[in-house]
Structure formats: C-alpha cells, structure tokens
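What follows draws every value from the coordinates through simple rules; no lab data is involved. Being a predicted model, the structure only gives us computed values, none of them experimental. With ideal geometry, Cβ positions are generated from the backbone for all residues, glycine too; neighbour counts draw on all protein chains shown.
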Amino acid sequence: MLLLRMHYGVILLAEVATMAIEKSSFTITPLLSKMRCWLTGLFELKVKCIKNKNAPKNATDPDELFIHSKVTTDHLKWVPMGNQARKYGPQDIRPVHNDILIAKLRPGQELDLKMHTVKGIGKDHAKFSPVATASYRLLPEITITKPCEEELADKLAECFSEGVIRVEKNNGVKRAVVANSRRDTCSREIFRHDDLKNRVKLSRIRDHFIFSVESTGALSSDVLVCESIKVLLGKCRHFLSELDSHCVDT
Amino acid sequence: MEFETLGNITENLEDVSKPVKTVEDKWKLLPAFLKVKGLVKQHIDSFNYFINVDIKKIVKANEKITTDADPVWYLKYLNIYVGSPDVEESFNITKPISPHECRLRDMTYSAPITVDIEYTRGSQRVVRHNLPIGRMPIMLRSSNCVLTGKSPAELASLNECPIDPGGYFVANGTEKVILIQEQLSKNRIIVEADKKGNVGCSVTSSTAERKSRTSIVTKQHKFRLKHNALSEDVPVVVVFKAMGIECEQEIVQMVGCEEEVISTFAPSLEECHKLNIYTQLQALQYVGSKVRQRATWGKSRTKVEEARELLAGVMLAHVPVIKYDFKAKCLFLALMVRRVILACSDEAHVDDRDYYGNKRLELAGQLLSLLFEDLFKRFNAELKKIADQTIPKPRAAQFDIVKHMRQDQITHGLVHAITSGNWIIKRFNMNRAGVTQVLSRLSFISALGMMTRISSQFEKTRKVSGPRSLQPSQWGMLCPSDTPEGEACGLVKNLALMTHITTDQEEEPIIRLAYNLGVENLSMLSGEEISHPSVYLVFLNGNILGVVKSYKRLVETFRLMRRAGYINEFVSICPNHQHRFVNIASDGGRVCRPYIIVKSGKPMVADRHIQELVQGFRSFEDFLHEGLVEYLDVNEENDCSIALYEKEITRETTHLEIEPFTLLGVCAGLIPYPHHNQSPRNTYQCAMGKQAMGSIGYNQRNRIDTLLYLLCYPQVPMVKTKTIELIQFDKLPAGQNATVAVMSYSGYDIEDALILNKSSVDRGFGRCLVYRKQTCLLKRYANQTFDRVMGPSKDASTGEVIWRHRALDADGICSPGERIENKQVLVNKSMPVVTTSGLQPATPGQPPPQPEYRDVPVSYKGPMDIYIERVLVTSNAEEAFLIKILQRQTRRPEIGDKFSSRHGQKGVCGLIVNQEDMPFTDLGICPDIIMNPHGFPSRMTVGKLIELMAGKAGVLEGHFGYGTAFGGDKVEDVCSVLVEHGFNYSGKEYVTSGITGEPLTAYIFFGPVYYQKLKHMVVDKMHARAKGPRAVLTRQPTEGRSRDGGLRLGEMERDCLIAYGASMLLLERLMISSDAFEVDVCSECGLMGYSGWCHYCSSSHNISTLKIPYACKLLFQELLSMNIVPRLSLKHYTDE
C-alpha cells in the first residue's frame, strides 16, 4: 500500500511524459524569459510590430495604437517535420492556451524565433511535469465522544468547515452529529475551546486516501491518472523481471 | 498682528480629560513630507543652496583682484552663474547632455560656471558677461539638473528611472555620493573634563576665512588661554587686559560676582599681578612675545600690532570685532571662564560631546562650497600673479586678463575631489579622505541606504564607546538599527525616515527680531548686569546677542512668529535653564523633523486636514504655513513635551508624533514587525538588505555597470510595511515570497542551511542575472599612431576562424548574443609597439612605413560561459574610442548560494530536493524552502513568525499584509483570518512526508516568508588548484582566487603537523608541492655551485645535488650579496 502511494505521487510529478520547449533561438534583444508551453516538434514565431495607421487620434492604449504589440501563444505556428504532417492535424499539435502573453513589442521591434520541443519528464525539469500538483490526504475521522447539545452543538459546528457537522433537532434538543467528515480541512479549531476539547476525537483513517490531481492542461487529469498507472505497472513489471533475472543468477 | 498667548486660552478641564480622538490617517502626511523633504532631498537642498545662493556669497566675498604693479588695474566679479549640464561636442559647440549618456560614455555630468566681470584693459573699463571659468559637477535632480520637474514619460525618454532618488554625481562615468559628514558644531562652547579630571572649555570658531580653536585650560587653579597661534598658554587675565579691560573689577563682574566664582578666579588675577602687567600695552607686549612666528610677507609689524591682530581676527574668530572694540569678545571669553568655573564645582555643567544637539551634519553643498572657495581663491591668486608679472613688462598688445583665465583648474579640482574622495582645502589645512563613495547599485535599497548614510570623523580604530553608542537625543533623527557591525559600528549611522538637515539661514532679520522682542544689546550693559541671575543670555548661532529679562515671552513669541511664517521654519529657539541661556539657531547642518503641534491638549491636525491632503487641496507646506505642523531640532525637542500617541496627550503636551515608525530608517523600514525582533537581528537585516539582489531601477537594462546583480522574477513582499510603500520598494523589490516549512529535513539543513525545492528552482525561484562589463579604449598616441581592432584571425591551413576568435564579428568586436568560453577574445585590439618617439620619416616615393603592432586582446576569464548582452561603441570626453561590452550570465540557485529572510536570518542552500521528495500539506502544497526550526529559539526573531502568519492570511484573503513597525496587522486578527479559511489558528499544518509517504509526527509551521537572495554565490567563490601559476621571485604558488592561487598551509597548520610529527607530510606541503629546487652544493666550501661546478673552488669534485626550497636558495644569495656567507655543511646520511 505504502509503495503504491509513494510511487503514485512521484510518477505523476516526475515521470509522466509531456512536451516542452527545450531550445529556442531568438533574434530579438529585449527578451529574456524562457518560454514554456506544452508542445511537440518545431514551432516558429515571426512577429513584427507596426503602427496602426487607422488608430483614432486620441488613442493611448497600445493595443489600439499598434498592431501586433502583444505576442501571445496564438502567434506560434507549428512546422511539421518528417512525416508529422501526415500523422497529425494542426489541431493535434498546438499550445494549450492561445492567450498566453509571450512578449510586448513596440514599432520597430521584431520577434523571430524557432522553438524545438521535446518530450521529457518532470524529473528532468519542472516544465515537463504534467500536473500543477498531485497529492493525497487521509480521510479525516471525527468522533463525538460526549454529546454536544444546544449552544455547544452550534459552537462545535462553527469550529469545523461547513457541512462537516450537522445540528439535528431531536425532541426539541439540538444535537451535533457528524455529517460529512470528508469536507473538513482539519483546522483543529476545537482544541482552542476548553468546553469542546474533550468531547471530540479527531483522527484519520489510515488506509483511506483521497487523491487529487490537478492538471496543467496538456492532458486531462483522468488521462493522467491512467497514464501514471501504466507507468507504475511498467515499473512493477520491470521490477519483477529484475527479480526473476537475479533469481536465475544466484 | 494677532497673537494668541498660549496661557490665555480658556479651556475646560473636562474637555482635556476626554480621550483625544485619533487621527487615523495621519501617516498620510508622510508621503506629502517625502515629496518636499527628507531622504535624499537634504542632499539636493544643500546642493541647490550652494549653486544658487552660497556660490554668489563666495564670489561676493572674493570679488576684487588688484595688483601692486598697476594701481588702476582691477578685476571685479559682478555675478556668477551655474548653467545647465552640457557637453562640448566640438570647438565652442555644446549640446545638453543627460546623466545616462554620461554614465555610458564615462563622462562627467557637469555644467559651466560663468561669471560677469568688470576689469580694466589699458585705460578702458570693460564689462564682460557669461565668461566661463570652469565646470561644476551637477547633482542629479538638483535645480540645474535636466531631470528636475520631468514626468515619468520624459524621464523614460532620457533613459532615467523615475524612482531613482538622485542626489549623487556622475563623475567620469561612475556615480559618486558625497556622504553626510558628522561634526561637532562650530562656534559653540563645549566644556569638558580631560582624563585627569581637569575641566577645560573650547570653542572651534569658524568663519568663511578662518577656522581656529580657542580653549581655556586650568593649570594649578589658574586659567590660561590656549591657542594654536600662541607658542605658550597665556593667562586669561592678561588677555582681558590686552583687549582693553584693564580694570580688574570689570573683569570679575563679567565672569561673575558669586562668592564661589570670585574665589576660584582670584589666583588668576594674582598671577597677572605677579607678571607685572597692569596696562593694555603691557598685556599686548606680553601676548605679542608669545605669538608664534610665521613667515609673513609684506609689511612687518610690531609685536603689539601682531598681538592685537591675533586677538581681533584669529582668537574666537567668529565673534566680530569692529574697530578694535573688544567688548563682545571679552564677554564671550568671560563666559567661557565662567562656564569652566561652574563646571569645576558641579559636574552637571560639563557638556556632553556626543549629545546630538552639539552635532552638525555637513552635506554635499557645504563640502563643495569649501572646496569651491578654495579653488576660486587659488584661481584669483593665479590671475593676480599673472597680472603682477605681465603688467610691468613692455608688450605690444594691451594686457587682457580674460585671455589668461583658464577653465581647467576649477574643473579638475572639483572633479578630482569627487572622483577620488580626497577633500583637500589648503586654507583650513583640511585633508580628508573617503568623503565620496561609489554609489552601490547592488539593489535599490543599497543605493537609497547610501544616500542616508552619515559618516563620523572619529577614527575607526579607536576603542571608544561614547561616540559609538546610541544617544537618547538621536531619537527620531537617526535610525537606531541601521549601523554596520565591526570597526565602524556606531560611527556610521543612517538618517531616520523623516529627518531633514537644515541649510544656512540669514541671521540679520533674526537679530532684528530678537532686539524687537526685548533682547537688550550687550554694548549698553555692564558686566554685572549680564551675569545677573535674573536675566537670560541670548545666543544666535553661538554668538552672544544680548540679555533678556523674560525669556519665556521671547521664546513663545518667537515660536508663534515662526508658526505664522514670519521666520523660516528651520530656525529653532530653546531656553537652557541650567546655563540660563536662550539659544537661537539658524545655522546649517542641524537635524530636525516635523511634529504635529498640540494646543491645549488638542492636536492641530484633524481628519478634515488629512482629507484635504488626500484630495490634493493641501500640501505639506500648507500644514507648515498654517501652524499645524512644525520642525523641531534636537535642542528644541528638549524644551517640548512630545506625545507618542494621542492617548498620551496631557495638558502639558506641546507636540504629537506624526507616526512612530518614522524613527526607523530606510533599511530598517523594510523589516516587517521589527518591534517583535531581538534588536541585533534588525541591525543584521539592515546590513543584509543592502546585499539582496533585486531590481535596481526601471533603466536597469540600459545600464552598463562593472557588476550588476538582478533577480529574474522579483516579487512584492506579501507582508509590506508603510515604509516599503513610501520609498517605493514595492516597485523595485529585491526578493521573492517563498513558501516556507519550518521543519528539519535530511540533516543537510544544520547550521542555518536551507533546503530548496527543485521544481521551484526550475520555475524560477532565486534565479538571477549577473551582468559584467569589460571596457576597451582605443587611444591615439603622440606619434600619430593609434590602437586598432582587427577582424578574427584564420587558421592558415584550414581557413577556419581560430577558436579564440570565434565570437568576433568582422569588425573585431564580439557580437551580441554570442556565447563566450574561458579565454576567448572579446575585442581583438592591437597596440603600436612604439608610442612615444616619432616614426621614421617616409622616404619619398615609397609608402610610409607601417608601425609595428602588438596584440593586446580583451578576453574573458571565468569558470562559466558567458553571453554577450550588448556592445557599446562610443567616444569619451577625450574623443577616444570607447568600447563597452556587457556580458550576461543567468544563474539558478545551487548548493552554497546564500539566502536570507528579512529578519537577519541568513543561510546557505544545503540541498536541492526534487518536489516529489518534499513534504506536502493536505492541500497538496509543497514548500519552496525548508528552514530548520533551530534557527528560532536563540535568535528570538518573533517578527518572522508573525510575518509568516500575516503573509498566509494575506494570501488567503487576497491582499497584502502589513507589518509596519509599532503597528501593522495584529496577530489576533491574522489568526482569525486563518481560522475563517479553515486553517489552524497557529499557522501549523498537517504535513505528509515526501520520503516515506506517511504523515509527519508533528504539525509544521507553514506559510509564505519573503526571502532575499544575497549576492554571495558559490560560483564566484569556488576555487581549487592542483598546479598553476607561480610567483616569479620566489617560485611559490601565487595567492588568491583571482590569480588561480594555491591554498596556503599557514603557520598554525604547520604547527599542528610539527606537533603530530608528520614530517614527510610537512616536507611535501612546504617544499615539494611549493617551491622545491635542485641545487648543486659544494661540500668543500659549502657554497652553491652551478651545473655541477663550484665556482669558488673551481672544481666539480665535491658537488652534491640536493633539494631545497627556492625561497631558501634566494635567501642564501641575498645574504651573499650583503657580504654574509651562509655555508651549507653536508654530511652523508649514513654517517651518524
């Protein structure tokens, strides 16, 4: 179990492959930041900023005054190499978002770049990692050891996140009941209240994992989960085969 | 005029007892204040005063030059102007220049100084206007600078940062700051006890012409006058008599008629009798015999005359003596004696030298005016000399002095002083070094911090505690935290946020006003009346004005007039009850700060005023003019009752503090919650904030500096302070908000080391840019030859460009964007071999001989590759070609790089860990930095803990937290915000280990803290060597990283090896690995031979070869050269 959960996070963060720009060549000076978008193959970008002749006289907004003053990922053009043109359509290979600002230009400035993207894994560089974060937590468990009634019930409900404690009315007596412990953020607020401190027991269920996978967009999180399981399976197989081969040796 | 007298206001007691309402936003006065005064404005104000007012006074004082050779000839300065900065493009054509161009082209940002003169040419009287006499370096943002009054857009077009404070000079391309100099105030009586307990008193008089020090010393209960111009101390009574007060009764009356005073003074009177001096003439003769002889040219004077001149002009020079009327000077001297007598019996009368009211701060303007006056006098003396020499000679053309006015003397004098920092003023025998410093552009804060720095004249090596310790009178004026550690501790100080330094004010109107307000002139009064206990003596800038009966009325009316704007706001007045003085000060260099005036228990500033200020109807000046706010200097503060908060206001309160956090300076103002930290931590942070990398200015990418550190993605701190906003640190930040987990991890975090997250580093945490400059000057030489730059060399066989030249363009200069490796060439410059003598004359019909050239390439040296960012080809002021190459390196954090939080908690990176191995919270948050909790208990930086909580609350709420000193977000509020968002109130979180995958057994303190990357990085320091260069003389390995030197096995290490007995290791380290040398020694004579031959014995018979250190061989030879023969006696190792 432990092995599984360890590998899970590791694989998602570090070993599911995505693509990112590895090399780029510039022909413009005022740019520094390395570009990052999730792509494959070769991309080209050629933008020249010019003055907008039709701009209204009183315009002050650079967007109105100039054409192509903002370079976004939309300007990136995929250049198929080899048999890529046959295998993929233009919709298959593109930046995840089309409105990410790359640079701002002014008339007279020009951006001309070629970007090579490669497939890599997060272990190598964080830009290849397909997830923003992937983690897990244990399911919180809340047990009310001594009944909390009337004001105490309300106070108890206050101490937890919304929807964790439900205040029920039974025979005219308000009483706190655990409704959904999963929603708790575990702020341990009750321990600040001496009257509640000893009425509740907080714990975690040690074999109930709640995984959360937050994708950066290249692959949807459900695909990512499947991919990561595939990698894990592969690793297990590799491990087994290694074990076998060692058994033969000794 | 309408005055309310303070006592008369009908107030009701109930009203006063009510708690005073707090004006919530009174801190908004601060930005208004900083717009007109404070921080670097004092430099600018002082410089403005110099170039607009003081320079005219200097010229006025030295306006006429005459010569002995021709009584008709004269030269008179009518006026002087300092123009706006320009540069001479070609002969007599100038063009305005911007400071940034000066920085890039290694020029001086200076403006012409022009004069209007009137002089005689032959028998004509000629008036000439706008004649240049030199150039004045111009302070940035001063009244004559091109940047003043420009909008941010205009500044941007001049390549200048709108946030840059100015206040420095650009001299030969480097930015130079004239540091604020702290000095003991001039013209004031300071009573002091020396080491033996003898009380004495001294006055440093300073006028435009002269500086001298006069002291009263006690010797065997007799008072003597001590002065540099006197070869021996003179009895005080003799001096009184020499100044015309022959009657001893009169002398005693002046000094004081109290029983105790008379009895102490009696022995001095007796001494005078013993010397048989009764008349003024006798006294003058006596003093004259003691005057130190000086070589004087011109008329020789008698002893009596000399003594009279000394007493009138040199001794106590600041007390004016008109037509040898010594009354004022006698009174001043009598006062000095009186102070000493009083201090003998009562220690409370001894002055405190470290008291800040006794200090004056000298700024750029004052220093420059001293220098300029010296240069101007020298310039005039030179003109006079020329006139003296030329006029008597017969000549064809008429003598025209204008043709002899050379500009370079004044220009060079000023520029040289600013570039070198050596302030040499001949007439005062002043020779100060280190007055200017290069403006540190490490970060915005370091530049700003430099502008507020005050350096003291004290010797750094002296182990004194007095001048170094924090004086209570420095409250609010100087930052209590910001001082360096080590030898300069307490001697280098920094101004607080609201401090202003005064400039000189006219004395004349103040004197008139004082007399109108009931001050009685001295000349009408006898000695007894002056020292009478019912009156107070009134001083103006150390000079006695007169006496006043009702000092209270004088002080109060004076203040009312000042509040009403009839007197300048920086003139201070305060009574001193102990000495029964009223001191009025209008001199420059006093520190002062604004306070809200409180009248009858109510602060004058109300919410209404602040609203008007926010709406822009009011400026800070309006607050001053309407008498809502006034400036108090250190002396006047002592006569006021200042409440820190509204709730502390009582009936006696006269003033209210605007904001308590302003008592900190710029650097300490960055610290969030400094009032929760142990005080040395704040001091450490003040030093470290200056090393933090960040942004320098909006023009940082246009600059070409020798060394520039920039952070790639600087962030505004999550927890700000009001100071941060006031100084606009949030626009040019230096650091990043890191998510910090306070826990131990892996053991690579001991001793303050930090653990970094690799993914954070990948995403740009702590990434920095290092820019370096290399310059190359192409000169022309006297013999018509010049340096040249050649294109890249090609390999003869393959035709390919050689590796060293691979980065070069066709013009021989490396091209931008190129990657440069160690030892590759940046500029392929070559220089003529012969530059001094003339070339061989060309034989007719043949092409002129080509000069021989020697390669002197500019190449890159460094462990890591570097990229060319940009290349500047321009010319400097001498019209030589100037090539500047800016090189760039992008560095990501690595193990050993130094980081620090804003609480004096520095640490190096100990390990960089993959994100998957980092601990994470329930929400999946991974820390950027893991910090060891052992950093907290001993350091007691509670402020850091609160910063983390406030930052976390800010992140959750979506706004910045505030950690302003003595205020800021309260911990209680911050905690409740955390609880509201479902976090633990103490900021601790449930964290899962990334290594085991199991929850940690403790809750972890987790949240954002602002981290600074400091300039110390391992790549700049790493150094190791196996073999390498050696020093020529000793053949030992060179020293230092820059020379690829060896690592020294020093004396102490050697001692260890000796003690351990590791003789072979010792031999290896000290000889074999260092400077082993095989030498042939003749065992017969014991001298060293050469290639198996002994020169002394003329034989090769007894030669043996042995290894000795080369330094040892050198020693033997040096001894031989001084006729000492060291002989080596050799024995075979088998014999005994």
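Taking only the alpha-carbon positions of the stretch B:1031-1116 and ignoring solvent, what does the Debye formula give for the base-10 log of I(q)/I(0) at q = 0.16, 0.17, 0.18, 0.25 Å⁻¹?
For the requested q values the scattering log ratios are -0.75, -0.80, -0.85, -1.13.
Considering the stretch B:255-382, what Rg and Dmax in Å follow from its alpha-carbon atoms?
19.7, 58
Provide B:Lys758, B:Lys1013 in ascending order of the number of other Cβ atoms located within 10 Å of each residue's Cβ, fewest first.
Going from least to most buried by this count: B:Lys758, B:Lys1013.
Mean separation of Cα pairs under 8 Å and 6+ residues apart, divided by the residue count of the stretch B:58-133: what relative contact order is that in percent?
Once normalised by length, the contact order is 28 percent.
Can you tell me the Rg and the Dmax, both Å, for the Cα atoms in chain B?
Here Rg and the maximum Cα pair distance are 36.6, 119 Å.
Of B:Lys196/B:Lys329; A:Lys197/B:Lys944; A:Lys146/A:Lys174; B:Lys241/B:Lys303; B:Lys35/B:Lys647, which pairs sit farther than 18 Å apart, going by alpha carbon to alpha carbon?
From the list (B:Lys196/B:Lys329; A:Lys197/B:Lys944; A:Lys146/A:Lys174; B:Lys241/B:Lys303; B:Lys35/B:Lys647), the Cα-Cα distance tops 18 Å for B:Lys196/B:Lys329; A:Lys197/B:Lys944; B:Lys35/B:Lys647.
Can you flag which of B:Lys41/B:Lys150; B:Lys186/B:Lys359; A:Lys48/A:Lys104; B:Lys898/B:Lys952; A:Lys53/B:Lys150 are past 18 Å Cα-Cα?
Listed pairs above 18 Å: B:Lys898/B:Lys952; A:Lys53/B:Lys150.
Give the value in nm², to one decimal: projected area of the alpha carbon convex hull of the stretch A:164-250, averaged over all directions.
Mean orientational projected area (the stretch A:164-250, Cα hull): 11.8 nm².
Under 17 Å Cα-Cα from B:Lys970, which aspartates and glutamates qualify once same-chain neighbours fewer than 8 residues away are excluded?
B:Glu24, B:Glu947, B:Glu957, B:Glu980
How long, wide and thick is the stretch B:963-1076, going by the Cα atoms along their three principal axes, in whole angstroms, largest first?
Here the spans come out as 75, 36, 26 Å, largest first.
Work out the FRET efficiency for B:Lys385 and B:Leu281 from their Cβ-Cβ distance, taking R0 = 35 Å, and round it to the nearest 0.05.
The computed FRET efficiency comes out at 0.35.
Does the stretch B:203-317 come out rounded, prolate or oblate, given a ≥ b ≥ c as the square roots of the eigenvalues of its C-alpha gyration tensor, rounded meaning a/c under 1.5 and, failing that, prolate meaning a/b above b/c?
Taking the square roots of the gyration eigenvalues as a ≥ b ≥ c, the stretch B:203-317 is prolate.
Using Cα pairs under 8 angstrom and six or more residues apart, how large is the relative contact order of chain B, in percent?
This gives 10 percent for chain B.
Given +1 on the Cβ of Lys and Arg, -1 on the Cβ of Asp and Glu, and no further charges, what dipole in debye does the protein assembly as shown carry about its Cα centre, rounded to the nearest 20?
Its charge dipole is roughly 3080 debye.
Need the full-extension length gain, B:Lys1027 to B:Gln437, defined as separation in residues times 0.36 nm minus the C-alpha distance. One decimal, nm.
Taking B:Lys1027 through B:Gln437 to full extension adds about 208.5 nm, to one decimal.
Would you mind checking the stretch B:946-985 for residues with the amide N under 15 Å from a putative spin-label position 7 Å along Cα→C-beta of A:Glu214?
Within reach of a label on A:Glu214: B:955-958.
Can you sort A:Ser221, A:Ser203 from fewest to most other Cβ atoms within 10 Å of each residue's own Cβ?
A:Ser203, A:Ser221
Per the Kirkwood formula on distinct C-alpha pairs, the Rh of the stretch A:42-180 is how many angstrom?
21.4 Å
I need the shape label for the stretch A:141-197. Rule: rounded when a/c is under 1.5, else prolate if a/b > b/c, else oblate, with a, b, c from the alpha carbon gyration tensor.
oblate
May I have the count of lysine pairs in the stretch B:42-140 with C-alpha atoms under 22 Å apart, counting pairs 8 or more residues apart or located on different chains?
Close lysine pairs under the 22 Å cut-off: 5.
Quick one: P(r) of the stretch A:51-91 from all Cα-Cα pairs, 10 Å bins, percents rounded to integers, in order of increasing distance.
P(r) for the stretch A:51-91, in whole percents per bin: 25, 27, 19, 19, 9, 0.
Just want the ordering: B:Trp803, B:Trp27, from fewest to most Cβ atoms lying within 10 Å of their own Cβ.
Fewest-to-most ranking of B:Trp803, B:Trp27: B:Trp803, B:Trp27.
Taking 0.36 nm per residue of sequence separation and subtracting the Cα-Cα distance, how much length would be gained by fully extending the chain between B:Leu1047 and B:Asp194, in nm to one decimal?
302.1 nm
Using per-residue counts of other Cβ atoms within 10 Å, averaged over each peptide, order B:430-438, B:882-890, B:732-740 from highest down.
Packing proxy ranking, top to bottom: B:732-740, B:882-890, B:430-438.
Starting from the Cα gyration tensor of the stretch B:921-1020, take the square roots of the eigenvalues, sort them a ≥ b ≥ c, and report rounded, prolate or oblate (rounded when a/c is under 1.5, otherwise prolate if a/b is larger than b/c, else oblate).
Judged from the Cα gyration tensor, the stretch B:921-1020 comes out oblate (a/c at least 1.5, b/c at or above a/b).
Could you compute Rg(Cα) / (2.2 N^0.38 Å) for the stretch B:852-981, with N its residue count?
1.74
Once all Cα-Cα distances of the stretch B:98-170 are split into 5 Å bins that start at 0, what whole-number percent is in each one?
Bin by bin from 0 Å, the calculated values are 3, 14, 19, 18, 12, 8, 8, 6, 5, 3, 2, 0.
Convex hull volume of the Cα atoms in the stretch B:363-521, per residue, in Å³?
Expressed per residue, the convex hull around the Cα atoms of the stretch B:363-521 is 235 Å³.
For the stretch B:224-321, what's the relative contact order in percent, using C-alpha pairs closer than 8 Å and at least 6 residues apart?
31 percent
Just flag the chymotrypsin sites (Phe, Trp or Tyr not before Pro) in the stretch A:84-147 sitting in loop per DSSP whose Cβ has no more than 16 other Cβ atoms within 10 Å.
Passing sites in the stretch A:84-147 are A:Tyr88.
For the stretch B:295-399, which chymotrypsin sites (Phe, Trp or Tyr not before Pro) pass both filters: DSSP loop (anything but H, G, I, E, B) and at most 15 other C-beta atoms within 10 Å?
B:Trp297, B:Tyr324
Quick one: what are the phi-derived ³J(HN,Hα) couplings along the stretch A:183-192, Karplus 6.51/-1.76/1.60 with θ = phi - 60°, whole Hz, x for glycine and proline?
7, 6, 9, 6, 7, 6, 5, 4, 6, 7
Helix-only estimate, please: 222 nm mean residue ellipticity of the protein assembly as shown, summing -39500 (n - 2.57) across DSSP H runs of length 4 or more and dividing by its residues, to the nearest 500.
The helix-only estimate for the protein assembly as shown comes to -7000 deg cm²/dmol at 222 nm.
Can you give the Kirkwood hydrodynamic radius of the protein assembly as shown from its Cα pairs, in Å with one decimal?
39.0 Å
Please identify the GluC sites (Glu not before Pro) of the stretch B:1014-1116 that satisfy two criteria: DSSP loop assignment and at most 13 other Cβ atoms within 10 Å. Which are they?
The qualifying sites are B:Glu1039.
Given A:Lys70/A:Lys119; A:Lys123/B:Lys1027; B:Lys290/B:Lys493; A:Lys169/B:Lys988; B:Lys37/B:Lys176, which pairs have Cα atoms separated by over 31 Å?
Correct reply: A:Lys123/B:Lys1027; B:Lys290/B:Lys493; A:Lys169/B:Lys988.
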